[in-house]
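The values are calculated or read from the model by the stated rules, or taken from the named source; none is laboratory data. Model, not experiment: these values are computed from the prediction. As a convention, Cβ positions derive from the backbone with ideal geometry for all residues, glycine included, and neighbour counts pool all protein chains shown. Keep in mind that these areas ignore ligands, DNA and RNA; they rest on the heavy atoms of the full protein, side chains included. Shrake-Rupley method; radii C 1.70, N 1.55, O 1.52, S 1.80 Å.
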Amino acid sequence: ENRVLPLLGYHPKDRPPHVDIERNDNDFIASMVVRSLTSMAVVFLALFIPNFEVVMELFGAFSNALATFILPAIFSIIILKSSLSNFDYIMMSVILALGVLAMVVSSYYALLNFIHSI
């Protein structure tokens, strides 16, 4: 029986065996490279993009349509494919198509706004 403490993780006596495995040097180097590239990307954004609002607009245009229309429709089709009626399948496909259209249009206008702000 593994006891998980809410804020501290596993109880010291119940730790899974993979926790005690030493970290590989290649993993450490790879994680340092990823952290360095992420930090450089943040510095690049801070220096060269004058208005952070347009970056958030572009991110929101892409992610909102993905999270509200596209992914739920895809997951519903995949998970419920055996129990969906033809009408339900068509409606999910329409929602998926409208979500892709909304994502493309909103991303296009956000990208135009981004280009004009630079």
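Some points to look at:
- The HN-Hα couplings worked out from phi for region 84-101 by the Karplus form 6.51 cos²θ - 1.76 cosθ + 1.60 (θ = phi - 60°) are 7, 7, 4, 4, 4, 5, 5, 5, 5, 5, 5, 4, 4, 5, 5, x, 5, 4 Hz, whole numbers, x standing for Gly and Pro.
- A 1.4 Å probe over all protein chains sorts Phe62, Phe48, Phe114 by accessible area into Phe48, Phe62, Phe114, starting with the largest.
- Accessible-area order (highest first, 1.4 angstrom probe) of the listed residues Ile79, Ile74: Ile79, Ile74
- Under a 5 Å amide H cut-off, with hydrogens placed 1.01 Å from N, Ile49 pairs with nothing among residues at least 5 apart or on other chains.
- In loop segments of region 23-106 as defined by DSSP, the trypsin sites (Lys or Arg not before Pro) with at most 16 further C-beta atoms inside 10 Å of their C-beta are Arg23, Lys81.
- Phi angles across region 35-48 convert, under the Karplus curve 6.51 cos²θ - 1.76 cosθ + 1.60 with θ = phi - 60°, into 3J(HN,Hα) values of 4, 5, 5, 5, 5, 5, 5, 5, 5, 4, 4, 5, 7, 9 Hz, Gly and Pro given as x.
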